[in-house]
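Report on the structure given below.
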Amino acid sequence: MTNLIINAKGIKRQYGKGESEFFALKGVDIAIKRGESVAIIGKSGSGKSTLMHILSLMDRPTSGSLKIADQETSKFKEKELSKLRNDTFGFIFQQFFLNGSQTVLENVALPLKIAGVSKRERNEKAMEVLKLVELEDKAKNKANDLSGGQKQRVCIARALVNNPQVIFADEPTGNLDSVTSEIVENILFDLNENHGITLITVTHDDDLAEKFGRQITIKDGEVVSA
């Protein structure tokens, strides 16, 4: 087994055709080792979000090779991609994407429900990860009743519930104040350093990016430093 969790070669992403043709990515090569912490940085429109969507199997490249844990994904059908994505990755977004009318426990357990795990088992696992982010006392609260920082910690718990190898975080502290941002950052880096989870984030925040083990800079659809 290779030490690479993600190995992307010659990744291109084209939108439109003819006169409206546009390449958001122009042949990107990226290799990320298991256990790394990587920040993908670049200006708006640089292609960094497109890159994260492709690396996380939320979008397909127009061309190129993408291996996830040694598996070449280019020939995968949608069902196979969905299973690999759900088994391997956890996701944290700037917009929380929580169901406000459901309880915290129900929100956290959702990936396991999608995976067909029994209610008893998914609730047990959801409580375990809520303890990790110190929100077990909020398990029965509605998600709408939480603060922004608490909502982001619920998102982290949801990202952890399927025991992922990689967490993708898209501007994870973008909607938080500085104190709450630091709490969220500490949780994420603890997961990376003490639990071996590979951490990949897209961010505009240079201060946050500098805390990662490596920065990958994207400009005009190309990697300019890695």
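Over the residues of segment 27-81, compute the C-alpha Rg and express it relative to 2.2 N^0.38 Å. Don't skip to the end; give the middle numbers.
Working: Rg = 12.0 Å, N = 55, 2.2 N^0.38 = 10.1 Å.
Relative to the 2.2 N^0.38 Å estimate, segment 27-81 comes out at 1.19.
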Got a sec? Charge dipole of the chain, +1 on Cβ for Lys and Arg, -1 for Asp and Glu; which of Ile183, Ser37, Gln165 is way out at the positive end? Gln165
Of all trypsin sites (Lys or Arg not before Pro) in segment 1-76, the ones in DSSP coil with at most 16 other Cβ atoms within 10 Å are Lys17, Arg34, Lys43, Lys75
Quick one: which residues, 5 or more positions from Ala31 or on another chain, have an amide H under 5 Å from its amide H? H modelled 1.01 Å from N in the peptide plane, none for Pro or chain starts. Ala8
With θ set to phi - 60° and the Karplus curve 6.51 cos²θ - 1.76 cosθ + 1.60, what are the ³J(HN,Hα) couplings of segment 41-54 in order, to the nearest whole Hz, using x for Gly and Pro? 10, x, 6, 4, x, 6, x, 5, 5, 4, 4, 5, 4, 6
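Magnitude of the Cβ-charge dipole of segment 54-118, K/R +1 and D/E -1, about the Cα centre, nearest 20 debye? Write out the running numbers ahead of the final one.
On the way: 8 positive and 7 negative charges, 29 e Å.
So the magnitude is around 140 debye.
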Here, GluC sites (Glu not before Pro) of segment 8-52 satisfying both criteria (DSSP loop; at most 12 other Cβ within 10 Å) are Glu21
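Which GluC sites (Glu not before Pro) in segment 143-226 sit in a loop by DSSP (not H, G, I, E or B) and have at most 13 other Cβ atoms within 10 Å of their own Cβ?
Details: sites: Glu182, Glu185, Glu193, Glu210, Glu222; in loops: Glu210.
Answer by residue number: Glu210.
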Would you please give the residues with an amide H less than 5 Å from that of Gln215, counting only those at least 5 places away or on a separate chain, with H modeled from the backbone geometry? Ala39
Between the alpha carbon centres of segment 60-78 and segment 151-201 the gap in Å comes to 26 Å
√(5λ) per eigenvalue of the Cα gyration tensor, segment 55-203, largest first, Å: 26, 19, 14
Answer with one residue from Asn194, Ser101, Gly116: the one whose Cα lies farthest towards the positive end of the charge dipole of the chain, charges on Cβ with Lys, Arg +1 and Asp, Glu -1. Gly116
Which of Lys9/Lys119; Lys77/Lys125; Lys43/Lys67; Lys48/Lys75 have a Cα-Cα distance over 31 Å? Lys9/Lys119
Size of the dipole of the chain about the Cα centre, Lys and Arg at +1 and Asp and Glu at -1 on the beta carbon, nothing else charged, in debye to 20? 940 debye
In the Gaussian network model of the chain, springs joining C-alpha atoms below 10 Å, which of Asp137, Asp29, Asp205 carries the largest mean-square fluctuation? Asp137
Relative contact order computed over the chain (Cα-Cα under 8 Å; 6+ residues apart), in percent: 30 percent
Tell me the angle of helix 78-88 to the major Cα principal axis of the chain, expressed in degrees between 0 and 90 and rounded to the nearest ten. 60 degrees
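Quick note: the coordinates plus some simple rules give every number you see, no bench work behind them. This structure is a prediction, so every number in the text was calculated from the model and none was measured. All Cβ positions, glycine included, derive from the backbone under ideal geometry; neighbour counts span all protein chains shown.
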